[in-house]
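Down below is the structure, laid out as structure tokens.
All of the numbers you see were taken from the coordinates with simple rules; none came from a lab. No experiment lies behind these values; they were computed from the predicted model shown. Quick reminder, even Gly has a Cβ in these numbers, built from the backbone with ideal geometry, and neighbours come from all protein chains shown.
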Amino acid sequence: MLTLQAMEVPFFSAPDVEAAVSPARALDAVRAAFVAYARAEWSMPPKVYVPAYPAGDFRAMPALGGGHALLKWVTSFPGNPARGLPTVTGVVLLSDASNGLLVAALDAGAVTALRTGAAAVLAAETLGRDDATSASVIGAGVNGRAVARTFAAVGWRPLLWDVDIERARAAADEVGGEVASARDEALGADFVVTVTPGHELVLRHGALRPGQHVSLMGADGPGKAEIAIEELARVRVFCDDWTQASHNGDLMHAVEAGVVARDDVIELGAVLAGEALGRTSADETTVFDSTGLAIQDLAVARAALERLDELSDLQTIRV
């Protein structure tokens, strides 16, 4: 009779993930993942939402690529901070795709923050103007701070705004950024990233000026929106994945209203892979709708695994 042996699997806590993967490394890893996905070298079955509304939702996110398979089980409970709890919790499981064995488990919140920051800044630098001089982040929660850290890591001094001014100030101090005097000041930057709960519009009709770029990172589930449908209809639109964004992102509302169709939207990976045009003129306004992809999580998890031998204090889990 075959006897199954228990295994010790390394667990990357949030501090371990942050120690293993810098924002700059996450940016490079996520860029490569977008290209691999665009070229069909990596695959990603649909994200599954398990609603627990009005409190929040659970999400199961699988991906396969680079010799590994991943499953992320993660939550989004926007009301948690008021109770002293994190909005995002969960675990990322990374397996060897050649034999199915689990090789690592990682804190999902830390992985999510890193890939969110990476995707937001990657889209801004890919789709924004070459002569841009300013970058802002609206929303200074965990993921907003991650975006600000990523901007800082690649040489920007981000401007931050949050409904909680002290939270914005703390984030600015942490990354070497500045605090906006008002939301309108932050909205005036060349690169704007919105990382809000998505319960109210940040960008109303006519809010964006020619030449701006916006990365919409907050509306990643049903019922959420950061931009008005009319505003989305008048700009050049990009997304992380059409199937996912058109069902769960800001795009969903514009698609349902019939003002945006598949041919109107370009996936960021296609631009990075050289298969589609990004920005075509200095005065074009570009918007990137992000819903968060499992391939991005896979990229960050694999980057963390590369540093396994350098992290001597990792905990393990028995499976």
Treat each spin label as a single point 7 Å out from the Cα along the C-beta direction, and report the residue 7 to residue 205 distance in nm.
5.6 nm
Longest principal axis of the chain (C-alpha) makes with the long axis of helix 165-175 (C-alpha) an angle, in degrees to the nearest 10, of 60 degrees
Helix 294-306 axis, angle to the chain major axis (alpha carbon atoms, nearest 10°):
50 degrees
With R₀ set to 35 angstrom, the calculated FRET efficiency between the beta-carbons of residue 154 and residue 184, to the nearest 0.05, is 0.85
Correct semi-axes for the chain, from √(5λ) of the alpha-carbon gyration tensor and rounded to whole Å with the largest first, are 31, 22, 19
So how do 126-133, 209-216, 147-154 stack up, highest first, on mean other-Cβ count within 10 Å?
147-154, 209-216, 126-133
For the stretch 247-259, 3J(HN,Hα) per residue [Karplus equation, 6.51 cos²θ - 1.76 cosθ + 1.60, θ = phi - 60°, Hz, x = Gly/Pro]
10, 9, x, 4, 4, 3, 5, 5, 5, 4, 7, x, 9
What is the fewest-to-most order of 30, 17, 137 by other Cβ atoms lying within 10 Å of their Cβ?
17, 30, 137
Could you check the spin-label model distance between residue 53 and residue 261? Points 7 Å from the Cα along Cα→Cβ, value in nm.
2.8 nm
Residue of 44, 252, 217 that the Gaussian network model of the chain assigns the largest fluctuation, springs spanning Cα pairs under 10 Å
44
Out of the stretch 173-282, which GluC sites (Glu not before Pro) are coil in DSSP terms and have no more than 12 other C-beta atoms within 10 Å?
200
Enter the angle in degrees (range 0 to 90, nearest 10) between the Cα long axis of helix 108-127 and the first principal axis of the Cα atoms of the chain, meaning the one along which they spread out most.
40 degrees
Report the full-extension gain for the segment residue 163 to residue 73: residue separation times 0.36 nm, less the Cα-Cα distance, to one decimal in nm.
29.5 nm
